[in-house]
1. DSSP loop chymotrypsin sites (Phe, Trp or Tyr not before Pro) in the range 12-81 with at most 13 other Cβ atoms within 10 Å of their Cβ, which ones?
2. Note down the magnitude of the dipole of the range 259-319 about its Cα centre, charges +1 on Lys and Arg C-beta and -1 on Asp and Glu C-beta and zero elsewhere, to the nearest 20 debye.
3. Is the range 312-386 best put as rounded, prolate or oblate by its Cα gyration tensor, with a ≥ b ≥ c the root eigenvalues, rounded for a/c under 1.5, and otherwise prolate when a/b is larger than b/c, oblate when not?
4. Quick check: the angle from helix 348-357's long axis to the longest principal axis of the chain, C-alpha only, nearest 10 degrees?
5. Considering only lysines 8 or more places apart in sequence, or on different chains, count the pairs in the chain whose C-alpha atoms sit under 22 Å apart.
6. What whole-number value in Å² describes the accessible area per residue of the range 44-299 for a 1.4 Å probe?
7. If you project the alpha carbons of the range 44-299 onto the principal axes, what extent comes out on each, in Å, largest first?
8. Just to be sure I understand: with springs between alpha-carbon atoms less than 10 Å apart, which residue in Leu290, Leu300, Leu372 has the highest mean-square fluctuation in the Gaussian network model of the chain?
Amino acid sequence: MIDHPVALDPARIRPDFPALAMQVHGHPLAYLDNAATTQKPNQVLEVVDDYYRHSNANVHRAIYELGTRATEAYEGARQKAADFIGADSRSIIFTRGTTEAINLVAYAWGRKELHPGDEVLLTEIEHHSNLVPWQLAVKDTGATLRHIPLGADQSLDLTNLDDLLSSRTRLVALGHQSNALGNVNPVAQIIRRAREVGALVLLDGAQAAPHFPIDVSALDCDFYALSGHKMLGPTGVGLLYGRRDLLESMDPFMGGGEMISSVTLDSAEWNEVPWKFEAGTPNIAQAIGLGAAVDYLTALGMDRVRQTIDDLSAYAAEVLGALPGVTLYGDAATRSGALSFNMEGVHPHDMAQFLDGVGIAVRAGHHCAQPLMERLGVSATTRASFQIYNTREEIDRLGVAVREAAAFMLGV
Ligand code: 7TS
């Protein structure tokens, strides 16, 4: 018998999240835009508030009690984040989020290591933040971009992977889970093949880290990026995991205080990894808040988090998929977390506005994945995305409202 983790009970989770008790336009808020950002539990809000009230000082420099408390809490959060993804804390760099983490690699590794003739392999379904930094990097270095295409079943088409990967491939950078389709990409297979040609691998974990357990050593990736605000933590903090020897060999990304060991008027020597990459006063409160979010998720158990989100996603696909005129996007075999859809004849923006009118928050647009939209042949989709506090009742309300939107706008 397969032992499935038990899904979490939203009735026990929801009281932790004060924002969920809001009314919007006279209706209870149904917050279904979790792929954009999640709501925050009291356990995170209180830790951030407590830091400012009782431990506020700059880190790594103050020789007094508050400074020690701030530094211990900040470095403690680094340890928690490291444990959360199976890494050593010295290989964890705090960034502003996934976007900054990927840019860090594109600048500090890419500008140094990419040369004319080299290739960076991406996919057609990347978020712009794992696309544009590489466009800029290849422009500066003379390297070339290639892309794994989307197949007819809306999963990545690996048929020509042997042609796309070669000794010219220096890096494969792809999303662990797609924000627009919800697909969990076959990263194990891609990483194995990348290794055979000696390429490095960067995974964009912005959507994966909030949904299921991550172990960077089991994944055998070289870089892993994530955002705190998408996993119940504060905005303004995320992280980059990097293989230690790679981080050691990379030049700094930004210069300033903290990232040096010594400075003269004309030159500087670098601090040790990871501080070499954390120039200036970091987002201390936010990093500590991310540590609290990690504690919260860990206490629930990421296996149960995954089960809960998988169940909600499958239920949403069932409810929306049963409505006449609705097209669902994404690979039904792996899709979870985010569900993109369109109602025939209704523009996604009109749909999102109608849903807002009844208190349902979803995102409509290109989801920062314009090449994917072009590939799908649409200008935009409506996207509902789920977290542990969402309920089947909210999904039922979504289904009813989507049908009402069509009735209202198309007269059907
Ligand atoms: N990568 C993926 C897969 C994402 O989903 C996002 C944000 C990012 C990178 C960038 O993260 P940031 O925290 O640095 O902004 N995705 C979305 C979204 O789907 N709707 O709003 C933001």
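1. On the way: sites: Tyr31, Tyr51, Tyr52, Tyr64, Tyr74; in loops: Tyr64.
Sites meeting the loop and neighbour criteria: Tyr64.
2. Values: 3 positive and 9 negative charges, 20 e Å.
Once rounded to the nearest 20, the dipole reads 100 debye.
3. Values: a/c = 1.37, a/b = 1.01, b/c = 1.35.
Rounded.
4. Relative to the chain, helix 348-357 is tipped by roughly 80 degrees.
5. Working: Lys40/Lys80; Lys40/Lys230; Lys80/Lys230; Lys80/Lys276; Lys112/Lys139; Lys112/Lys276.
Final tally of qualifying lysine pairs is 6.
6. Numbers: 10030 Å² over 256 residues.
Computed with neighbouring chains in place, this is 39 Å² per residue.
7. Projected onto the principal axes, the Cα atoms of the range 44-299 cover 59, 48, 26 Å.
8. Highest fluctuation of the listed residues: Leu300.
The values are calculated or read from the model by the stated rules, or taken from the named source; none is laboratory data. Since the structure is predicted, the reported quantities are computational estimates derived from the model, not experimental observations. All Cβ positions, glycine included, derive from the backbone under ideal geometry; neighbour counts span all protein chains shown. Heads up: the accessible areas ignore ligands, DNA and RNA and are worked out on the full protein's heavy atoms, side chains in. Shrake-Rupley method; radii C 1.70, N 1.55, O 1.52, S 1.80 Å.
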